[in-house]
Amino acid sequence: MGTASWSDPGFVERWYPRNLKAGDRLGWYAQHFEMVEVNSTFYAAPELRMVERWCTNTPDHFVFDVKLHQLFSFHSTSAKLLPPELQRAAEIDAKGKVRATPKLQDQMLQIFLRSLSLLQREKKLGVLLLQLSPAFSPRKHQLTELEPLLGDLETYSLAIEFRNRNWAVGDQLKQTIEFLQRHRASLVNVDAPASEHFTIMPSDLDEVTNANVAYLRLHGRDARAYTTGKTVAERFAYNYSEKEIEEVAKRGQRLARKAREVHVIFNNNALDYAPRAALRLRAALGQMVKPPARQPELF
């Protein structure tokens, strides 16, 4: 288990040792957790030198789950979020948004996977996470629209997080599960507010659509913040109680009975809520939790 990113401002301010250098944060994080979900890749393809540093700064067993770039997830994408060579070739509208053509996506995927090859080589690449836009709805889209990407990534471990609850209710739920099972993709189960807002997925699903990996992301349980927050930190500002951590622990154990691995990611990235909740969950599950590390200058 781990958190969605390791460098959020709240982590830096409240969780990491004071005066810890930016380049030392990942190494310190890796003393406490065995995995992390990389969020920055949603906005830019990682540079090779950056990925090299990730590998160098983490122990052999450490795993990176990597969020796919937003160009693949039906989000409106600004041209500035593409690599320079693709910006020049992309079709761009008057608002600076790119048209996600198959050719552009193929080119982007080649660049994206080239960087991740370093993680593969070091056996540190976990799951690729496709976080779909809430606009990707059953009313306007078909699951088959995902098949080209699924085909290109068939040799990778892929998890799909729907952000439109209509994929997971009524008769549609069965079709969604069968589609993911057919393509050996993991459904991202969530812990989210108790709300029927169309952007909030139901939290009563514990579906394992790929027996190799079950995925659980925890977004907090504040419905008002989730639907009205202007920033990521505002939307997912939630501090899990001890009782709620126990509930999450039991849920993780249920998933573990169905899958070889369970990846649990805390996405309640306001202040230092996420790393502290993840450490409490490790303790609740009886996993070894290291005491706070010493200041870097002492070792």
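Considering only A277, G252, F236, and ranking their Cα positions along the charge dipole of the range 208-295 that arises from unit charges at the beta-carbon of Lys, Arg, Asp and Glu, the one farthest toward the positive end is G252.
Within the listed set K123, K95, K80, the residue fluctuating most in the Gaussian network model of the chain (springs between alpha-carbon atoms under 10 angstrom) is K95.
Once you reduce the range 76-112 and the range 5-46 to the center of their Cα atoms, the two points are 28 Å from each other. Using Cβ point charges alone (K and R +1, D and E -1), the dipole size of the chain about the Cα centre works out to roughly 280 debye. In angstrom, the C-alpha Rg and Dmax of the range 150-284 are 14.9, 42. Once the C-beta distance of Q253 and A283 is scaled by a Förster radius of 22 Å, the resulting FRET efficiency is 0.95 to the nearest 0.05. Going 7 Å from the Cα of V232 along its beta-carbon direction, which residues of the range 21-47 have the amide nitrogen within less than 15 Å of the resulting point? 36-46, by backbone N distance to the label point. Once fully extended, how much extra length lies between R260 and D24, figured as 0.36 nm per residue of separation less the alpha-carbon to alpha-carbon distance? The span from R260 to D24 would gain 81.8 nm if fully extended.
The base-10 log of I(q)/I(0) for the range 1-160, evaluated at q = 0.20, 0.21 Å⁻¹, reads -1.31, -1.39 [Debye formula, identical scatterers on Cα atoms, solvent excluded].
A DSSP coil position with no more than 11 other Cβ atoms inside 10 Å describes the following GluC sites (Glu not before Pro) in the range 115-181: E154. Taken along its principal axes, the alpha carbon cloud of the chain reaches lengths of 53, 44, 36 Å, longest axis first. Put a dot 7 Å past the Cα of A79, heading toward its Cβ, do the same for T144, and the two dots end up 3.4 nm apart. For the range 112-118, the Karplus equation 6.51 cos²θ - 1.76 cosθ + 1.60, evaluated at θ = phi - 60°, returns couplings of 4, 6, 4, 5, 6, 4, 5 Hz by residue, with Gly and Pro reported as x.
Evaluate the relative contact order of the range 204-277 (contact order divided by residue number), counting alpha-carbon pairs under 8 angstrom at least 6 apart; express in whole percent.
The normalised contact order for the range 204-277 reaches 45 percent.
Among G10, N212, P83, whose Cα sits farthest toward the positive end of the charge dipole of the chain (+1 at Cβ of Lys/Arg, -1 at Cβ of Asp/Glu, about the Cα centre)? Selected residue: G10.
Relative intensity of the range 153-225 on a log10 scale, I(q)/I(0) at q = 0.12, 0.15 Å⁻¹, equals -0.31, -0.48, per a Debye sum over C-alpha point scatterers of equal strength in the absence of solvent.
Of the GluC sites (Glu not before Pro) found in the range 18-80, those that fall in a DSSP loop while having at most 12 other beta-carbon atoms within 10 Å are E47. Relative contact order for the chain: 18 percent, from Cα pairs under 8 Å spaced at least 6 residues apart, divided by residue count. Were the residues from H197 through A94 laid out at 0.36 nm apart, the gain over their Cα-Cα distance would be 33.9 nm.
Rolling a 1.4 Å probe over the protein heavy atoms leaves Y156 with an accessible area of roughly 50 Å². For the pair Y156 and D206 in one chain, pulling the backbone fully straight at 0.36 nm per residue adds 15.8 nm over the alpha carbon distance.
DSSP bridge analysis restricted to the chain gives an antiparallel fraction near 5%, rounded to the nearest 5. Out of all Cα-Cα pairs in the range 91-197, roughly what percent, to the nearest whole number, are more than 21 Å apart? Tail of P(r) above 21 Å: 46 percent of Cα pairs. Centre-to-centre, using Cα atoms only, the range 157-172 and the range 205-258 are separated by 15 Å.
Computed on the range 1-61, the Cα convex hull volume stands at 91 Å³ per residue. Where only DSSP H runs of four or more residues are counted, the chain gives -9500 deg cm²/dmol as its mean residue ellipticity at 222 nm, each run worth -39500 (n - 2.57). Note on K97: lysines with a C-alpha under 17 Å away, same-chain residues under 8 apart excluded, are K80. Each residue, Q87 and Q110, gets one label point 7 Å from its Cα in the Cβ direction; the gap between the two is 2.1 nm.
The values are calculated or read from the model by the stated rules, or taken from the named source; none is laboratory data. Bear in mind the structure is a predicted one, so any value in this text is a computation, not a measurement. Virtual Cβ from ideal backbone geometry, glycine too; neighbours counted across all protein chains shown. Please note that ligands, DNA and RNA were not included when accessible areas were found on the heavy atoms of the full protein model with its side chains. Shrake-Rupley method; radii C 1.70, N 1.55, O 1.52, S 1.80 Å.
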